[in-house]
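Data block below; observations after.
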Amino acid sequence: MNRTRRMTTVALLSALIAVMTVVPYTGYINYGAIEITTLHIPVLLGAVLLGPLCGAILGGVWGVTCMLRALTNPLWIMFVNPLISVVPRVLVGLAAGLLMRALKKTRVSGLAASAISAAAGTLCNTLLVLTAIQLLGGTLAGYQAFYELFRSVIGYVIGVNGGLELVAAVIIVPAVYRALRGRLEA
């Protein structure tokens, strides 16, 4: 793929992430205190189609938009910390892209490799973000009570949010990968 097409695709996916962040019920789907994200899907698409570097860039865009969004929503104040909002998301894009690259060198089909990479990236996001919150979330002055509430529901969050996000990624990423692989693959 030529450099211009790659840069244009990253810009398009970055814009999609930004729009999904601010348009209700697209990037973040709220049900009370539970919030399911779909923003991992453009990051994973970029990672499987364009490679680990582009996946990391898109993960960074997702992380920064998440951090900025946290400034306007006191419920998610822990995400102001870039170690919770940005670093895990960069690693999600990088990991999914590296896994896709490794699987393409095996006998695994591209479609299966994209599904496996999407699942791994989604699990990586859930585990890294929740681990970062566990390690760093209680360090924000004035938010210890909220952090303790979050800790009490963390098992539920892992089960419901992570499960729904995983199913969405494993269905959507391979479908879009199949449609675009000849045009955009790294």
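The values are calculated or read from the model by the stated rules, or taken from the named source; none is laboratory data. Because the structure is predicted, anything quoted here is derived from the model rather than measured. No Cβ is skipped: glycine too gets one built from the backbone with ideal geometry, and neighbour counts run over all protein chains shown. The protein model used for the area step is the full one, side chains on, heavy atoms only, and it has no ligands, DNA or RNA in it. Shrake-Rupley method; radii C 1.70, N 1.55, O 1.52, S 1.80 Å.
Residues Val22, Val87: which one is over 15 Å from Thr126 (Cβ atoms) and either surrounded by fewer than 24 Cβ atoms within 10 Å (Cβ to Cβ) or touching a Ser or Thr at 6+ places or on another chain (Cβ under 6 Å) (or both)?
Testing whether each residue is over 15 Å from Thr126 (Cβ atoms) and either surrounded by fewer than 24 Cβ atoms within 10 Å (Cβ to Cβ) or touching a Ser or Thr at 6+ places or on another chain (Cβ under 6 Å) (or both) leaves just Val22.
Scan segment 1-53 for residues that are out of contact with any Lys or Arg (no Cβ under 9 Å at 6 or more places or on another chain), part of a helix (DSSP H, G or I), closer than 17 Å to Ser85 by Cβ and not small (Gly, Ala, Ser) and jot them down.
Within segment 1-53, Ile17, Met20, Pro42 qualify.
Helices (runs of 4 or more DSSP H) wholly in segment 77-186 with at least 2 residues that are at pLDDT 90 or above - which ones?
Once the helices (runs of 4 or more DSSP H) in segment 77-186 are filtered for at least 2 residues that are at pLDDT 90 or above, what remains is 82-85, 87-104, 110-136, 163-184.
Which pairs do you get when a residue that is farther than 15 Å from Leu44 by Cα, found in segment 113-135, comes within reach of a residue that is at pLDDT below 95 and of a type in the set (Lys, Arg), reach meaning Cβ atoms under 9 angstrom, with the pair 6+ apart or on two chains?
Within 9 Å, the pairs are Ile133/Arg151; Gln134/Arg151.
So which residues in segment 30-60 are within 16 Å of the chain's Cα centre (by Cα) and open to solvent by 40 Å² or more (accessible area, probe 1.4 Å)?
Of everything in segment 30-60, those that are within 16 Å of the chain's Cα centre (by Cα) and open to solvent by 40 Å² or more (accessible area, probe 1.4 Å) turn out to be Leu53, Ile57.
Would you check if there is a residue in segment 61-74 being surrounded by 24 or more Cβ atoms within 10 Å (Cβ to Cβ) and touching a His at 6+ places or on another chain (Cβ under 7 Å)?
no
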